[in-house]
């Protein structure tokens with residue numbers, strides 16, 4: 001029975017590939033201007049399935065390398081990384097904690113694409129009937145080897161189309177803001193240059209979250225003087241991710257409060273609100289005031305000397 005099912009999936013993927021191959025212009029248009037590279041799209045699939053269900057999604061590979069190239073296609077698990085500045089951990093041939101690789105099937109693991117052409121790779125995801133609710137994460141990765149003209153050495157390039165699969169059922173969406181402050185950690189801003197706010201968010205549930213929100217900058221009177229939107233970013237379960245937001249429009253001087261309003265995800269009703277108070281005293285302003293005070297003092301002394309001389 002399993003052999004028949006597998007053969008059926010292969011035939012079905014073949015039919016989809018044939019159909020999609022007749023319409024390559026779907027993926028070509030948006031990449032016409034990108035040269036000396038190959039492009040894999042979409043970069044992310046967000047999918048919801050119940051146990052026992054299956055779905056087919058297409059992955060488009062566009063060869064803009066300028067020469068015919070062979071591409072290798074692999075399926076790999078991913079998860080959140082505990083290493084600083086590393087967003088995603090890749091597992092290669094190993095199994096990840098939220099493994100999806102055994103449920104993903106592509107028609108070919110090797111494909112040759114002529115220069116300037118686009119090929120469509122059908123991807124089927126088929127869940128077993130006993131899979132648990134929650135998140136499964138992985139990706140379909142496309143690799144090629146490029147030759148360097150000068151040194152004659154090879155460089156391997158790899159691009160992934162990530163899969164964020166939500167298995168329907170009882171889901172625990174739970175997150176917490178771990179940190180909100182200026183990245184410098186200071187309460188006083190001594191510069192007129194842009195500064196960075198940082199927001200660290202921890203996912204304590206069993207499904208990935210997309211936190212998003214805004215930072216409002218208020219003066220001592222409570223008036224909003226600036227807003228920094230926080231676009232959605234993904235956080236894997238049992239992972240912490242830090243987002244940096246650049247603030248360019250610094251006021252000249254004074255006490256201010258940055259208010260963070262962060263929604264924990266698209267489908268999560270909970271939002272966190274935090275305040276961070278700081279003082280802006282830019283050094284150029286201090287230097288200017290000191291210079292002005294020195295000039296005034298010199299003028300004052302000079303006038304007093306002139307008065308004494310006249311007397």
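The values are calculated or read from the model by the stated rules, or taken from the named source; none is laboratory data. All values reported here derive from a predicted model rather than from experimental measurement. Quick reminder, even Gly has a Cβ in these numbers, built from the backbone with ideal geometry, and neighbours come from all protein chains shown.
Within the stretch 251-266, one or more residues are surrounded by fewer than 16 Cβ atoms within 10 Å (Cβ to Cβ) and within 22 Å of residue 79 (Cβ to Cβ). The set of residues in the stretch 180-192 being loosely packed, with under 15 Cβ neighbours inside 10 Å and either in contact (Cβ under 8 Å) with a residue 24 or more places away in the chain or within 12 Å of residue 244 (Cα to Cα) (or both) consists of 183, 184, 186, 187, 188, 191, 192.
Within the stretch 1-70, which strands (runs of 3 or more DSSP E) (wholly inside it) include 1 or more residues that are loosely packed, with under 12 Cβ neighbours inside 10 Å and modelled with pLDDT of 50 or more? Full working, then the answer.
On the way: elements: 37-41, 44-49, 54-64.
Fully inside the stretch 1-70 and qualifying: 44-49.
Modelled with pLDDT of 90 or more and assigned to a strand (DSSP E or B): does that describe residue 92? Spelling it out, it is not the case that residue 92 is modelled with pLDDT of 90 or more and assigned to a strand (DSSP E or B).
In this structure, is residue 166 touching a helix residue (DSSP H, G or I) at 6+ places or on another chain (Cβ under 8 Å) and surrounded by 13 or more Cβ atoms within 10 Å (Cβ to Cβ)? When the stated conditions are applied, residue 166 does not pass them.
Within the stretch 100-113, the set of residues being modelled with pLDDT of 95 or more and part of a loop (DSSP other than H, G, I, E, B) comprises 100 only.
May I ask you to verify whether residue 187 is touching a strand residue (DSSP E or B) at 6+ places or on another chain (Cβ under 6 Å) and modelled with pLDDT under 90? Spelling it out, residue 187 is indeed touching a strand residue (DSSP E or B) at 6+ places or on another chain (Cβ under 6 Å) and modelled with pLDDT under 90.
Can you find even one residue in the stretch 148-160 that is assigned to a strand (DSSP E or B), under 16 Å from residue 57 (Cα atoms) and at pLDDT below 95? Yes, the conditions are met somewhere in the stretch 148-160.
Residue by residue, here is whether (1) in contact (Cβ under 8 Å) with a residue 60 or more places away in the chain; (2) part of a loop (DSSP other than H, G, I, E, B); (3) not assigned by TED's automatic domain parsing to the domain that holds residue 274 holds:
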| site | (1), (2), (3) |
| --- | --- |
| 131 | yes, yes, yes |
| 141 | yes, no, yes |
| 144 | yes, no, yes |
| 205 | no, yes, no |
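Candidates are the residues of the stretch 169-179 that are buried (at least 18 other Cβ atoms within 10 Å of the Cβ) and modelled with pLDDT under 95; the one that is farthest from residue 52 (Cα to Cα) is 175. Taken together, the residues in the stretch 229-264 that are part of a strand (DSSP E or B) and under 17 Å from the mean Cα position of the chain (by Cα) amount to 13.
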